[in-house]
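**Q** The following block contains the structure, expressed as structure tokens.
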Amino acid sequence: MTLPSNTELLSIGSVASATGLAVSAVRYYDELGIIDATTRVGGKRRFHPDVIGRVNFVQRCKEAGFSLEDAASLLDDTTGAWRGLVDEKLEELVEKQRRLTEMIAMLTEIRSCGCDVVSDCTFQSTNRVC
């Protein structure tokens, strides 16, 4: 792989801006080894543009409930152990999606049931709305 010239490398601020993270979070990811600075220019970290996709992937993993360690493992594991992490998380997310779908349906019914006070609604005792 050919490294980009220093003018193509991104500053830590540029990575932060492009990913919506604070500079301190980008620095933390670098310190943990989740991302790697390609070089330093004048003592300041410079990153390959590919780091943006990596950070975005890690952010999506965090949103799905993965730890930073698990997200890094998903990206870097060469033994295939990452598949177990994915299977476990998929099962968890499917269950969460099911519960969210039920809650959306319940809230939709509550919104249109006509009760003035939600606690008076019959869904409290029957899981159904009036």
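Read the figures in this text as sums done on the coordinates, not as results from a lab. Since the structure is predicted, the reported quantities are computational estimates derived from the model, not experimental observations. Positions of Cβ are generated from backbone atoms using ideal geometry, with glycine treated the same way; all protein chains shown enter the neighbour counts.
**Q** Looking at region 117-130, is at least one residue at positive phi and either among the polar types (S, T, N, Q) or in contact (Cβ under 8 Å) with a residue 60 or more places away in the chain (or both)? Lay out the reasoning, then the answer.
**A** Initially, region 117-130 is screened for residues at positive phi, giving 127.
Subsequent filtering for residues that are either among the polar types (S, T, N, Q) or in contact (Cβ under 8 Å) with a residue 60 or more places away in the chain (or both) retains 127.
Yes, that holds for at least one residue.
**Q** Separate question: How many residues does region 22-35 hold that are surrounded by fewer than 19 Cβ atoms within 10 Å (Cβ to Cβ) and of a type outside the set (Asp, Glu)?
**A** 8
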